[in-house]
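Enquirer: Below are the structure tokens for one structure; questions will follow.
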Amino acid sequence: MSAPVILVTGTDTEVGKTVTTAAVAAALAAQGMRIAVVKPVQTGLAPGEPGDVDEVARLAGTEGVTTHEFTRLRDPLAPDAAARLAGTSIPTVAEHAERVLEIADRDDVDTVIVEGAGGLLVHLDGGGATLADLAIHLRDNGVRAGFVLVVAPRLGTLNVTALTAEALRHRGLDLIGYVVGSYPDEPGLAERTNLDDLPNAAGAQPLGRLPERAAQLDPNTFRNNASKWVHL
Ligand SMILES: Nc1ncnc2c1ncn2[C@@H]1O[C@H](COP(=O)(O)OP(=O)(O)OP(=O)(O)O)[C@@H](O)[C@H]1O
Ligand SMILES: [Mg+2]
């Protein structure tokens, strides 16, 4: 049987998807699970520069965690726009989904984590397919696929959280829960009240929150704390 796939999406870019991906990977690896982390399309980096999966490997470690980046584009744009500007064509979401399926079918992988680019409906290929389409492809092939939604705590988050959750529901996709990607040490009024209101906006359970300086901790401390920050 294929390993289940967790798709990490966000309400926006820069909300902490990568740091959350690292924390989820570390928390599951600490339970003895063998985790494969996939970034189907990485934009904004030249060849050889460390990408999101390298940050995941740095924070979560490589004990029980393997990483895969499928496609890279130099411009810091949505994948379809970055490919257009580069004058190249990139693999389709269906092709990326096939590669995720191959990884999920491996005997040495217990869970696959896929980090999207930006938010849920960003175009990941030239045909306008999205991370939601990737999940539908996995589901249609009999793989258990669920989303973890990374959200910000700031003013405005309730709207984009509700919109993203509604888009998932509209497509019949499973929202496992949400994670606050970066919670300030000294939260203001909006940050504090949003913690109370996010469960209703998401229509899903809170899976935890990461402190704002999580990525600056030394990796051992990060790993030791990951299971306290996120609960899966
Ligand atoms: N909890 C956190 N602790 C420390 N730094 C954080 C945290 N959350 C986010 N950041 C920082 O904020 C920036 C954006 O976070 P991150 O790269 O995880 O965003 P993202 O949602 O993955 O964006 P993208 O769409 O580019 O993949 C990074 O520089 C990251 O180190
Ligand atoms: Mg990222």
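Enquirer: Quickly rank 90-97, 4-11 as a protection proxy: mean count of other C-beta atoms within 10 Å, highest first.
Expert: 4-11, 90-97
Enquirer: Would any residue of segment 173-202 have its amide N under 15 Å from a label point 7 Å out along Cα→Cβ of L217? List them or say none.
Expert: Of the residues in segment 173-202, 180-185 have backbone N under 15 Å from the label point off L217.
Enquirer: Could you tell me which trypsin sites (Lys or Arg not before Pro) in segment 14-123 are loop residues by DSSP with no more than 10 other beta carbons within 10 angstrom of their beta carbon?
Expert: In loop regions of segment 14-123 (DSSP not H, G, I, E or B), there are no sparsely surrounded trypsin sites (Lys or Arg not before Pro).
Enquirer: Sticking with this structure for a sec: Please give the contour-minus-distance gain from E102 to E49: 0.36 nm per residue of separation, less the Cα-Cα distance, rounded to one decimal in nm.
Expert: 16.5 nm
Enquirer: Choose one answer from G48, G64, G118: the residue with the largest mean-square fluctuation in a GNM of the chain with alpha-carbon springs under 10 Å.
Expert: Between G48, G64, G118, it is G48 that shows the largest mean-square fluctuation.
Enquirer: Shifting gears a bit: Once neighbouring chains are kept in place and the probe is 1.4 Å, which whole percent of the accessible area of the chain is contributed by carbon and sulfur?
Expert: Roughly 49 percent, rounded to a whole number.
Enquirer: Provide the per residue accessible area, probe 1.4 Å, for the chain, rounded to a whole number of square angstrom.
Expert: Counting only protein heavy atoms, the per-residue value for the chain is 46 Å².
Enquirer: Just to make sure I understand: if all protein chains stay in place, what is the order of T193, T62 by accessible area at 1.4 Å, largest first?
Expert: Of T193, T62, the descending order of accessible area is T62, T193.
Enquirer: Further question on the same structure: Please report the antiparallel percentage of the DSSP beta bridges confined to the chain, to the nearest 5.
Expert: 5 percent
Enquirer: Continuing with the same structure: Which whole-number percent gives the relative contact order of the chain, counting Cα pairs below 8 Å spaced six or more residues apart?
Expert: 27 percent
Enquirer: Quick one: what are the phi-derived ³J(HN,Hα) couplings along segment 144-151, Karplus 6.51/-1.76/1.60 with θ = phi - 60°, whole Hz, x for glycine and proline?
Expert: 6, 10, x, 9, 10, 9, 8, 10
The values are calculated or read from the model by the stated rules, or taken from the named source; none is laboratory data. Just so it is clear, the structure is predicted and the values come from calculations on it, not from any experiment. Positions of Cβ are generated from backbone atoms using ideal geometry, with glycine treated the same way; all protein chains shown enter the neighbour counts. Ligands, DNA and RNA are excluded from the accessible area calculation, which covers all protein heavy atoms including side chains. Shrake-Rupley method; radii C 1.70, N 1.55, O 1.52, S 1.80 Å.
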